[in-house]
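Undergrad: The structure under discussion is supplied below as structure tokens; questions concerning it will follow.
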Amino acid sequence: MRIVGGTLRGLKLADVGAGDATAHLRPTTDRVREAVFNLLVNGTHGNPLPGARVLDLFAGTGALGLEALSRGAGHATFVDNGAKAQALIRGNVAKARAEGATALLRQDATRLAANRDAPFGLVFVDPPYALGLGERAVASALQGGWLAPGAVLVWEESRQPLVPAPFVLLDRRRYGDTLVTLARLSQA
């Protein structure tokens, strides 16, 4: 697994192989990550990356947030409650030398505490598939004040997620068993 674009392009990240079922780790493949970032950068909805505050929920290895930093985001906060994920994220952040532009929170993404910092303009949600955790995490982020008006949501699932009403669907694409949904939070 490598960073596929930007200033860190080619950086090899910690390898978890096919994933870790007990830790619910299922890293986004390089191919899907590249497709996601192509949609973000080249989509008709405008590139949300330059200077963005990124929230990476169910962060796993941190690859999505690190890819965003590599492509111009200003900050990434990784949220994962697994010990193995925490270790992988810390290692990958160190490899990227991105400690000054990141934060790592060990908490359940479906039960976020109230946000005490600036809200986030780009949010990645990559939960364990088909358990309804993505819907709960997005609801928790909305309720806790984690999302800025106009925030772009990138949601990976095996099935079509239930995107809540304050979001407007921008795009939806299937890559193998992964369905990527892009949506934008209304401005008001």
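Undergrad: Tell me which of these Ile89 doesn't satisfy, since it passes every other one: (1) assigned to a helix (DSSP H, G or I); (2) surrounded by fewer than 24 Cβ atoms within 10 Å (Cβ to Cβ); (3) under 13 Å from the mean Cα position of the chain (by Cα).
TA: Ile89 satisfies all of (1) assigned to a helix (DSSP H, G or I); (2) surrounded by fewer than 24 Cβ atoms within 10 Å (Cβ to Cβ); (3) under 13 Å from the mean Cα position of the chain (by Cα) except (2).
Undergrad: So for the stretch 119-136 (the condition being small (Gly, Ala, Ser) and either surrounded by 17 or more Cβ atoms within 10 Å (Cβ to Cβ) or touching a helix residue (DSSP H, G or I) at 6+ places or on another chain (Cβ under 7 Å) (or both)), does at least one residue qualify?
TA: yes
Undergrad: Going by the structure shown, is Asp171 closer than 24 Å to Arg33 by Cα and in contact with a Phe, Trp or Tyr (Cβ under 6 Å, 6 or more places away or on another chain)?
TA: No; evaluated as a whole, the condition is false for this residue.
Undergrad: When the residues of the stretch 118-137 are narrowed to those that are part of a loop (DSSP other than H, G, I, E, B) and touching a Phe, Trp or Tyr at 6+ places or on another chain (Cβ under 9 Å), which ends up farthest from Leu57 (Cα to Cα)?
TA: Among them, the one singled out is Pro119.
Undergrad: Right, here's the next one. Could you count how many residues in the stretch 96-122 are of a type in the set (Lys, Arg), at pLDDT 95 or above and over 17 Å from the mean Cα position of the chain (by Cα)?
TA: Residues that pass the stated criteria total 1.
Undergrad: Out of the stretch 138-188, which residues are acidic (Asp, Glu) and part of a strand (DSSP E or B)?
TA: Glu156, Glu157, Asp171
Undergrad: Still on this structure, I have one more. Within the stretch 29-52, which residues are more than 15 Å from Thr181 (Cα to Cα), of a type in the set (Gly, Ala, Ser) and either at pLDDT 85 or above or part of a helix (DSSP H, G or I) (or both)?
TA: Gly51, Ala52, listed by residue number.
Undergrad: Let me ask another. Can you tell me which residues in the stretch 147-188 are in contact (Cβ under 8 Å) with a residue 24 or more places away in the chain, of a type in the set (Lys, Arg) and more than 16 Å from Val54 (Cβ to Cβ)?
TA: Scanning the stretch 147-188 gives Arg159, Arg173.
The values are calculated or read from the model by the stated rules, or taken from the named source; none is laboratory data. As the structure is a computational prediction, the values presented were derived from the model and not from experiment. Cβ atoms come from the backbone with ideal geometry, glycine included; neighbour counts cover every protein chain shown.
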